[in-house]
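Working notes for the structure below.
The values are calculated or read from the model by the stated rules, or taken from the named source; none is laboratory data. These numbers were taken from a predicted model, which means no experiment stands behind them. Here Cβ is always computed from backbone atoms with ideal geometry, including for glycine, and neighbour counts include all displayed protein chains.
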Amino acid sequence: MHQPKISSDTVKAKTGKSWDEWFALMDASGCAKMRHKEIVAVLHNQFNVGNWWQQMIPVSYEQSRGKHLLNQRPDGYLINKSKIYSVNKETAFNAWAKESIRIKWLADPGISIRKTIPNHSLRIIWLDGITGVDVLFNPKGEKVQISVNHSQLPDSQAAEKMKKY
């Protein structure tokens, strides 16, 4: 059985209902046969749930009912990973943005950079020419947190492979 990422106690504290209560209400409202947007509308119209919870509750519900797999989005799968490095954001940004540096550490350095915001972010088309990678550089004092989001992956196997990569 799927276990939501947010505890039932937290959901109840923020929304007034536990996961079991939400899922029972959603089952009774026919959400098991609805698409995601329709479920969001039910939460908005019938239960007056805030915007963030209008997304979180349906995703957890869909996952619990086998309709939505972990990391699955309408356009494919999305994975992300982040790590803090003991370098400044300029050094980290250049390690990604400059091919002469990138080829020293990235196993498959032939990526295509679509857009950059210097020392802040990169938008990349991955080697397959289809999937997108966003790289974000967030300063943490004298260090930098690098977050990598890889989207539009075709299936859960590809998502798992890229997460390990």
Inset, instruction - Determine which single condition Lys17 fails, assuming it passes every other condition in (1) surrounded by 15 or more Cβ atoms within 10 Å (Cβ to Cβ); (2) within 23 Å of the chain's Cα centre (by Cα); (3) among the charged types (D, E, K, R). - result: (2)
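Here's the yes/no breakdown for (1) buried (at least 16 other Cβ atoms within 10 Å of the Cβ); (2) out of contact with any helix residue (DSSP H, G or I) (no Cβ under 8 Å at 6 or more places or on another chain); (3) among the aliphatic types (A, V, I, L, M); (4) modelled with pLDDT of 95 or more:
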{"site": "Arg65", "(1), (2), (3), (4)": "no, no, no, no"}
{"site": "Asp75", "(1), (2), (3), (4)": "no, yes, no, no"}
{"site": "Thr91", "(1), (2), (3), (4)": "no, yes, no, yes"}
{"site": "Ile117", "(1), (2), (3), (4)": "no, yes, yes, yes"}
{"site": "Gly129", "(1), (2), (3), (4)": "no, yes, no, no"}
{"site": "Phe137", "(1), (2), (3), (4)": "yes, no, no, yes"}
{"site": "Gly141", "(1), (2), (3), (4)": "no, yes, no, no"}
{"site": "Ile146", "(1), (2), (3), (4)": "yes, no, yes, yes"}
{"site": "Gln152", "(1), (2), (3), (4)": "yes, yes, no, no"}
Inset, instruction - May I ask you to verify whether Met26 is modelled with pLDDT under 90 and of a type in the set (A, V, I, L, M, F, W, C)? - result: no
Inset, instruction - Sort out which residues of the range 77-89 are at pLDDT 80 or above and either loosely packed, with under 13 Cβ neighbours inside 10 Å or not in a helix (DSSP H, G or I) (or both), and write them in order of number. - result: Leu78, Ile79, Asn80, Lys81, Ser82, Lys83, Ile84, Tyr85, Ser86, Val87, Asn88
